Structures are given as structure tokens and as C-alpha cells.
């Protein structure tokens, strides 16, 4: 994040705009909307600014910019068509440590004017860091239709009840839970439909009813975060990620997904690597119980799907025994996500009529699988956590009947910008793992469907440092 998004209070405070054209007029309009005292410095004014000056709504000094003009202002905007003047304004403002914006020159700005959705007192600002104002406006347009104007009225309504709710709910977590139930329930719907008086009555009753039992019950959300790409999250997962008081997350949850959890939530890392467990599974189970009994909403965020090699069943088993409420939100498991992004269908009428998911190691680290059932032709086998057991995998699959030439795909960090897909066979797999320095998380796909990779791959992979860590998509 190159810019810190902040909202500055400029009501009745002096702000300066250098420039008198139509672009300057747009910036003046924004400053005036925030109730600033605006001074415009320019030899001439466009018609719009001239009218504002005539009406006494701005102050105008009909001359060129002087360095001393910055001494009394709190924000300055340069909007002239002369780069040398804009550069001088920027340089002087930076020396004085004043926030300065130079229109269409991000390199001269210390702050950027965002694209704005105004539902006062709710205000949403969208920025692309100056790289594409048009894209910011397009995003604003998409959001405009999904955010009713009534959100402003809703914010004003709840503002009047803040002190009463604070008294009824002395605990921060219980207060937060109450407000979320209100803002997502009947009170909000009444405001949206114009029945604000009725909304106030119901809100008052809700506060009085809860004041007798202010502690909100805790709950655990067991949520699958998918294989890495945040676009693969479900709507329900995203909603619960924004409601949690505490986030307990695994190593396989990508940083991009962690960026989407509630900003003020407590974050607890319990990731596991081979021979390096931050917290034992039994302790994680107890942690979830303890946090929920404290009245907190706990997001247990797991890579992939929590019920496919995610130990989710072990965790909610204890929750059920302790009588703690929980929800389970499935996620796209690694086999689905990684195979799709690698262009490898797990089933295909010409190659595989069945698909098996297996884990590469047991609790004690050993590999003990039904190799006879796995080593079948016309079947795809996907190994989770299989790198350490790869020597056993190759040996047993061949011993039990698969040709050594059976295709194998290694999908490293699948669905993320760092994804790599390497193709081998059962007799070359170990050499590829060693020579290419393959690291977890890596999925191993065994079967003839792997031969479709070259034909069906739709993601063109790049190293993150080559193209800013993004995927390119093939146009096929």
C-alpha cells in the first residue's frame, strides 16, 4: 500500500487552490463540500469560480502564486496548466510538510484525491494510487448501485443511540455484536424503506431487552479460504471474515486473503510446517473453545476446504461437546483450484473416470496408503502434502502396476501469482523435485489427464518479480 487512506477534517479551515480553470473549479467544489474556507490564487477565473467569488463563497487573489501563500493553509491543491508553477507549489508545500495535491501529477503529490461515494456521514473513497483515475471512477460506478443512499440515514440514526448502547453493553465485543445484528437486520431494512420512526422504536426495544443480558454468546466460524486466490472465496466466507473478533489462521492462508479480514480483529497464527508446529492441534481446539466462551466470534480460517485434510472435523467435534455454536463454510479445496489453474481436468471421458484425493502422510509422519487401489489406470490421484513421501509414492505406484512413464504434475503455490506447474513422470519425479527446488505447498497429480496441461493451460505463469506478481491469462 503506497498511500495511507485517511479522512482530514477541514471544516472552517483555510485551504488553498492554485489555478483558476475548470479543473481547479472541480477541486474547489470538493473542498467546499467538506466546508473548508477556500482561497483561489490565479490571474483569472473560469465562469464557475467567478460566480462563487461574486457570491462570496470563496476568496480570490488575482495574481501569480507566491511562496508565502502557503503559510496560513492546511491543504493545498495545484491545478494550473503550467508545470513549473505546479512543481514550485509542490516543492514549497513539502518543505512546510503541508498536504499537497498536484492534478494529474502523482509524482508531485503527497496525497491523492480519490473517487468518492458520498452517503454522508458515510463516505467511501476509492483510489488507484494515481495510476488510473478512470479505473477508480469505474469502480465507484459499480459500488454506487450496491450502496443505497439510505446508508447515510442509517448512520445518523445509530449515532443518536451510541451512548445508550455503550451503557447497556460495557464490553466491546458484545457491543460490536449487538450493532452488527442491528445493522444487518430489521432496523436497517426499515430505514432503507423510509420507516425511520419505526426503526427507532425497534432499536430502543432491542437495547432495553439486551441490557438485561448484555453478554453476547460466542461462536466459531470454520471457514475454508480456498487454495490462495482471494477471488475464489465464497460470499459467505467474506461476510464472516468481516464479522470476526478473533482470526485464527493457518500457514496455507495466503497474505492476499488475510488482507480481507476485519482490520481491528485480533490475529492468531497457528500454522504448521513439517517438524515445526506453532501450536499443537489439541491446543488449537482448546483455544477455539476458550475464545468462544469469552463471548468472541472466532474465525477459524483454513487453507482449502476445512473438511478435506483440514482437520476441521477434529476442531468442531470439541466445539460440539462444549455446546459452542459454530458454522462451517466450505472452500475450494487445493485439488480443484490447483488443477483448474494448471489446465488439468481431474476427470475426462478419454483419460480418467474416477478421481481420488489422498494425504501424503499420517499423524506420525508415515505414508500408509492402499497402493493397490490407487495404482489403477483411467484414474487420477491427487496427493496432498506429498513432497516428503514422494520416493515412496513413486516406488509403490510402479510396484502396484502403473507404468513408470505415467505423467505427473507438480503444482507449486497453485492459484497464486507464484504458481509453478512442472510436468514429470513417475520415474523422473524425484529428479524434478530436487533440480527445481520444489517447496510446499505443492500438490502432486498423477494420471493421464496431466497430458492435457500443454493444451488446456489458460494461465501463463510468471515469477512475481518479473511482472509484479500477477497472472497473465492466455486468450485461447
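The values are calculated or read from the model by the stated rules, or taken from the named source; none is laboratory data. Not measured: the values here are computed from a predicted model. Here Cβ is always computed from backbone atoms with ideal geometry, including for glycine, and neighbour counts include all displayed protein chains.
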* residue 71: assigned to a helix (DSSP H, G or I) and modelled with pLDDT under 95, yes or no? -> yes
* Asked: Can residue 256 be described as farther than 30 Å from residue 169 by Cα and under 15 Å from the mean Cα position of the chain (by Cα)?
  -> yes
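Listed here are the residues, each with its yes/no results for (1) modelled with pLDDT of 95 or more; (2) surrounded by fewer than 20 Cβ atoms within 10 Å (Cβ to Cβ).
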| position | (1), (2) |
| --- | --- |
| 356 | yes, yes |
| 361 | no, yes |
| 386 | no, no |
| 393 | no, no |
| 405 | yes, yes |
| 410 | yes, no |
* Asked: In the stretch 229-246, what residues are in contact (Cβ under 8 Å) with a residue 12 or more places away in the chain, in a helix (DSSP H, G or I) and more than 15 Å from residue 334 (Cα to Cα)?
  -> 236, 237, 238, 240, 241
* Asked: Of the numbered conditions (1) surrounded by fewer than 17 Cβ atoms within 10 Å (Cβ to Cβ); (2) at pLDDT below 95; (3) under 21 Å from residue 388 (Cβ atoms), residue 460 satisfies every one except a single condition; which is it?
  -> (3)
* Structure fact -> Of (1) assigned to a helix (DSSP H, G or I); (2) at pLDDT below 90; (3) farther than 30 Å from residue 250 by Cα; (4) in contact with a helix residue (DSSP H, G or I) (Cβ under 7 Å, 6 or more places away or on another chain), residue 189 satisfies every one except (4)
* Top-ranked residue in the stretch 247-256 [being at pLDDT below 95 and not in a loop (DSSP other than H, G, I, E, B); ranked as surrounded by the fewest Cβ atoms within 10 Å (Cβ to Cβ)] -> 255
* Structure fact -> Residue hits (the stretch 25-41; assigned to a loop (DSSP other than H, G, I, E, B) and touching a strand residue (DSSP E or B) at 6+ places or on another chain (Cβ under 7 Å)) are 36
* Asked: Would you pick out the residues in the stretch 106-131 that are within 27 Å of residue 88 (Cβ to Cβ) and out of contact with any strand residue (DSSP E or B) (no Cβ under 8 Å at 6 or more places or on another chain)?
  -> 106, 107, 128, 129, 130, 131
* Restricting the stretch 133-179 to residues that are at pLDDT 85 or above and in a loop (DSSP other than H, G, I, E, B), the residue that is surrounded by the most Cβ atoms within 10 Å (Cβ to Cβ) -> 161
* To do: List every residue pair whose Cβ atoms sit under 6 Å apart, with the two residues 6 or more apart in sequence or on different chains, where the first one lies in the stretch 267-291 and is farther than 13 Å from residue 311 by Cβ and not assigned by TED's automatic domain parsing to the domain that holds residue 247 and the second, anywhere, is modelled with pLDDT of 95 or more and assigned to a loop (DSSP other than H, G, I, E, B).
  => none
* To do: Provide a single number: the residues in the stretch 398-423 that are more than 34 Å from the chain's Cα centre (by Cα) and either closer than 23 Å to residue 349 by Cβ or not assigned by TED's automatic domain parsing to the domain that holds residue 440 (or both).
  => 6
